[in-house]
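Here is the structure we will look at, set down as structure tokens.
The values are calculated or read from the model by the stated rules, or taken from the named source; none is laboratory data. Source: prediction; values computed, not measured. No Cβ is skipped: glycine too gets one built from the backbone with ideal geometry, and neighbour counts run over all protein chains shown. We work out accessible area using only protein heavy atoms, side chains counted, and drop any ligands, DNA or RNA first. Shrake-Rupley method; radii C 1.70, N 1.55, O 1.52, S 1.80 Å.
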Amino acid sequence: MTPKLILIPVLAAFLAGCSSGLQNDNSPDMTTSSLADYQRKAENFNSVISLPHFETTTNTIAQSVQLTIALGNKALDQIGKLTPAQINFTSTIRALDDAAYKASLTANRLEIIRQTSTNASLRDAAEDQTKLLNQWLVSLDYRRDVFLVIKAYADTKPDLTGEDAKLLSETMRDYRRAGVALPTAQQDEVESLRKKLSTLETDFGANIDKARQKLVFTRAELDGVPEDFLNRGDVNNSNGTYSVMANITWHYITVMENAKSEATRLKLETARENLARAANVPILQQVLVLRDTIAKKLGYTNWADFQTEIKMAKTGARAADFLERLKTGLQPKFDAETAEFRAMKAKDIGDPSAQIFLWDWRYYANQLKKEKYTVDEEALRVYFPYQNVLDGMFKIYQRIFGLKFQRIEPPYKWVDDLQLYAVSDAATGEPMGLFYLDMFPREGKFNHFAEFSIIDGKLLPDGKYQRPVAALVCNFPAPESGKPSLMAHEDVVTIFHEFGHAMHCILTRAKYGRFAGTSVPGDFVEAPSQMLENWAWDKTVLDSFAADYRDPSKKIPAEILGKLKEAKLATEGNVYRRQLSFGLADLALHTQIHADNEQETVPLANRIAGDTFYPEPPDTAFVAYFGHLMGYDAGYYGYAWADAIAADMATIFQNAPDAFFDRDAGMRLRHEIYSQGDSRDVQISIEKFLGRPESIDPFLKKIGITNVLPGNP
Ligand SMILES: [Zn+2]
């Protein structure tokens, strides 16, 4: 199953500070509407708008899964008993997509409950039932009766075109990849290994969600850390000590970027890299062995080849080669950056032979920004009150994609501050879909930034189109009474990124659930959102909403934004080498770990990561807390791969008459990328959007590589 959760890369998980504040609910230009009106309007367009009915008790969660499985089995029984005379596209391939789609609705709902519920027992129930549902989803591939009917239809060599032809060929491809060509006993074995794998994957993620580690420091140990952070109620213990949570990403980043004490940074880095270690290292070893065994049984050399076969990269070797070439290309820049950090550290500690370690780079990157580029990121927060950023981004996306957003009161809220918006086509009024916003952290909530597709688009059997529903689940600085909620610039980048995924989900016109919205290959899915990050670096874009909240006549000075960009480029070698270290470690684990050497898992990952970036602290296991290994497995390279495409795509806007406000370019993105989803090969969609073949040059320029690498990603 394609993961429906779209994560941002580990590198972008920056929540660099801790201001917070008032919620201003008066969004200018944002009219409200009622759900009933919106639903009625959809009828005029022969489409359906519905909201998910979230389960609110552990019993109903279990009942939903039972019902989903029972209805799914019934639908499959129906396909399985078709006679040759009854076999056609609708009764076979399409009916299978319908059945899988219905099950996905339950799975997506449970995922939201698991990640957002304020009730721990509901989260646990959703986790348990997700395991059950996933087991059943695996078993679908091994329904022999269903497969034989589908195959009988494929054997008629039907004359299909476009999306229909793609659906048939990918359905058959999935059967092949499930091992249906194998003798029955071996098929049974693959099925049972896959079920075991799916449960362990859920367990691994749950252990990450539950990992907690509190470190207590003295004031002296936290010298350099901003006062705002130290004065927070959840940090200041009021007895001269301070609690820092290694599992709260923005706590971690704030201290790593600012604490002058190397001992403090080493202690926190070590704690962070040991989160979930005891529980997850054994699970990861089993997972890697299972994946390798399954891949080999299916005729692949390793799991990386199995995973990349259906992506743009096509082979694990090509993905690794892309990363290796970038690694080499970045070497001079990375070395120069490290030398600059080293000189700063040598001066700091009075030791000319000072070395830079993994626990140093964030601190010196931040010092470099402050000293050489005079950029104080904390001070920039005054320009980014949360509501202004949201409204400003909405205005831009409404303009370029030809849309209208309206607030709707959600009939059911999983948390009090949940917001719901309806999206309509501005020209025709056509309802396109809905999105929820759950933006602030709380205990037990998913601790990252992601878009979740809850209802995907699909042409229903009755000929009506089911419009999508998405959710952004984020952790921006929580509002605290008496203070305006101020975002870091990095948060602004993140919200432009994540909201792009919601647009990808909502603007879909794909006929089949499996091709809808963000269901594109994993090494492309990030590209449109990575491209939209550019908006947050553009002066004209920022001036349209960012102003000092104390005196809104004050915009961000061009000089400061220029310095911010220079500072970003000045550490890009570090940022990308770190990114590559994750991508290469992920690919190494999925090509080199097998049943004979599972004990090598942690040493191998640490060695590869250390060779590419800075050596890991002694006695740590970062892989235990590396959530991407489940869902983005042998796929982390996709962030860099998609980044290359994103930089190329951005040139279309950069060269357009209205630049980042350009309607034509925006509508082209909407129609050639978002509407299409995976209903045609994404390579075609990319080139239709570009109006030319791809080029890697904009990416190399963006990250400061001057020694040109041959070829595209
Ligand atoms: Zn993303």
Next on the checklist: Residues that are more than 16 Å from the ligand (Cβ to nearest atom) and farther than 22 Å from PRO410 by Cα: list the helices (runs of 4 or more DSSP H) wholly contained in the stretch 466-557 that include at least 2 such residues.
Outcome noted: 539-543
Next on the checklist: Please go through (1) over 30 Å from ILE112 (Cα atoms); (2) free of Cβ contacts under 8 Å to residues at least 24 places away in the same chain; (3) in contact with an Asp or Glu (Cβ under 6 Å, 6 or more places away or on another chain); (4) of a type in the set (A, V, I, L, M) for VAL382 and return the number of the only condition it doesn't satisfy.
Outcome noted: (2)
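Results for (1) surrounded by fewer than 19 Cβ atoms within 10 Å (Cβ to Cβ); (2) at pLDDT 90 or above; (3) in contact with a strand residue (DSSP E or B) (Cβ under 9 Å, 6 or more places away or on another chain); (4) not in a loop (DSSP other than H, G, I, E, B), shown as yes or no for each residue.
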| residue | (1), (2), (3), (4) |
| --- | --- |
| ALA16 | no, no, no, no |
| ASN24 | yes, no, yes, no |
| LYS41 | yes, yes, yes, yes |
| THR56 | yes, yes, no, no |
| THR60 | yes, yes, no, yes |
Checklist entry - Looking at (1) over 27 Å from the mean Cα position of the chain (by Cα); (2) surrounded by fewer than 17 Cβ atoms within 10 Å (Cβ to Cβ), which is the only condition ASP174 fails? => result (1)
Checklist entry - Just wondering, is there one or more residues in the stretch 320-334 that are touching a helix residue (DSSP H, G or I) at 6+ places or on another chain (Cβ under 7 Å), among the charged types (D, E, K, R) and free of Cβ contacts under 8 Å to residues at least 24 places away in the same chain? => result no
Next on the checklist: Where the second residue is surrounded by 17 or more Cβ atoms within 10 Å (Cβ to Cβ) and not in a helix (DSSP H, G or I) and the first is among the polar types (S, T, N, Q) and lies in the stretch 336-347, which pairs have Cβ atoms under 8 Å and are six or more apart or on separate chains?
Outcome noted: THR338/ILE356
Checklist entry - Would you call ARG670 over 18 Å from the mean Cα position of the chain (by Cα), under 17 Å from VAL520 (Cβ atoms), open to solvent by less than 20 Å² (accessible area, probe 1.4 Å) and among the charged types (D, E, K, R)? => result yes
Checklist entry - Within the set of pairs 6 or more residues apart or between chains, which connect a residue that is closer than 17 Å to ILE356 by Cβ inside the stretch 257-280 to a residue that is open to solvent by 40 Å² or more (accessible area, probe 1.4 Å) with Cβ atoms less than 6 Å apart? => result LYS260/ASP223; SER261/GLU221; THR264/GLU221
Next on the checklist: Can you tell me how many residues within the stretch 409-433 are in a strand (DSSP E or B) and without any contact (Cβ under 8 Å) to a residue 12 or more places away in the chain?
Outcome noted: 0
Checklist entry - Assuming THR612 fulfils every condition listed in (1) within 23 Å of LEU268 (Cα to Cα); (2) open to solvent by 20 Å² or more (accessible area, probe 1.4 Å); (3) at pLDDT 95 or above apart from one, which condition is it? => result (2)
Item to check | Residue under evaluation THR601, criteria (1) within 24 Å of the chain's Cα centre (by Cα); (2) in a helix (DSSP H, G or I), criterion not met | outcome: (1)
Checklist outcome for this item: Among LYS458, LYS445, the single one that is basic (Lys, Arg) and under 28 Å from TYR383 (Cα atoms) is LYS445
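Quick grid of which residues meet (1) under 24 Å from LEU288 (Cβ atoms); (2) open to solvent by 60 Å² or more (accessible area, probe 1.4 Å); (3) assigned to a helix (DSSP H, G or I):
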| residue | (1), (2), (3) |
| --- | --- |
| LEU148 | no, yes, yes |
| PRO158 | no, no, no |
| GLU163 | no, no, yes |
| LEU167 | no, no, yes |
| VAL180 | no, no, no |
| GLU189 | yes, yes, yes |
| LEU200 | yes, no, yes |
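A quick yes/no check of all residues on (1) over 30 Å from GLU269 (Cα atoms); (2) in a helix (DSSP H, G or I); (3) within 24 Å of the chain's Cα centre (by Cα):
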site: PHE341; (1), (2), (3): no, yes, no
site: ARG362; (1), (2), (3): no, yes, yes
site: THR374; (1), (2), (3): no, no, no
site: ARG381; (1), (2), (3): no, yes, no
site: GLY392; (1), (2), (3): yes, yes, yes
site: LYS395; (1), (2), (3): yes, yes, yes
Checklist entry - What number of residues in the stretch 213-245 are loosely packed, with under 14 Cβ neighbours inside 10 Å, within 32 Å of the chain's Cα centre (by Cα) and touching a residue at least 12 places away in the same chain (Cβ under 8 Å)? => result 2
Item to check | Extreme residue, farthest from the ligand (Cβ to nearest atom), among residues of the stretch 439-456 that are surrounded by fewer than 24 Cβ atoms within 10 Å (Cβ to Cβ) and not hydrophobic (A, V, I, L, M, F, W, C) | outcome: GLU443
Next on the checklist: Return the pair list, or none, for Cβ contacts closer than 8 Å from residues in the stretch 67-88 that are in contact (Cβ under 8 Å) with a residue 12 or more places away in the chain to residues that are surrounded by fewer than 15 Cβ atoms within 10 Å (Cβ to Cβ) and of a type in the set (Gly, Ala, Ser), at least 6 apart or on different chains.
Outcome noted: PRO84/ALA152; ILE87/ALA152
Checklist entry - Is there a residue being basic (Lys, Arg) and in contact with a strand residue (DSSP E or B) (Cβ under 6 Å, 6 or more places away or on another chain) anywhere in the stretch 375-382? => result yes
Checklist entry - Checking TYR436 against (1) in contact (Cβ under 8 Å) with a residue 60 or more places away in the chain; (2) more than 16 Å from the ligand (Cβ to nearest atom); (3) assigned to a strand (DSSP E or B), which test does it fail? => result (1)
Next on the checklist: Please go through (1) more than 25 Å from LEU193 (Cα to Cα); (2) among the basic types (Lys, Arg); (3) in contact with a helix residue (DSSP H, G or I) (Cβ under 6 Å, 6 or more places away or on another chain) for LYS131 and return the number of the only condition it doesn't satisfy.
Outcome noted: (1)
Checklist outcome for this item: When the stretch 293-338 is checked residue by residue, the ones that are charged (D, E, K, R), surrounded by 22 or more Cβ atoms within 10 Å (Cβ to Cβ) and not in a helix (DSSP H, G or I) are LYS311
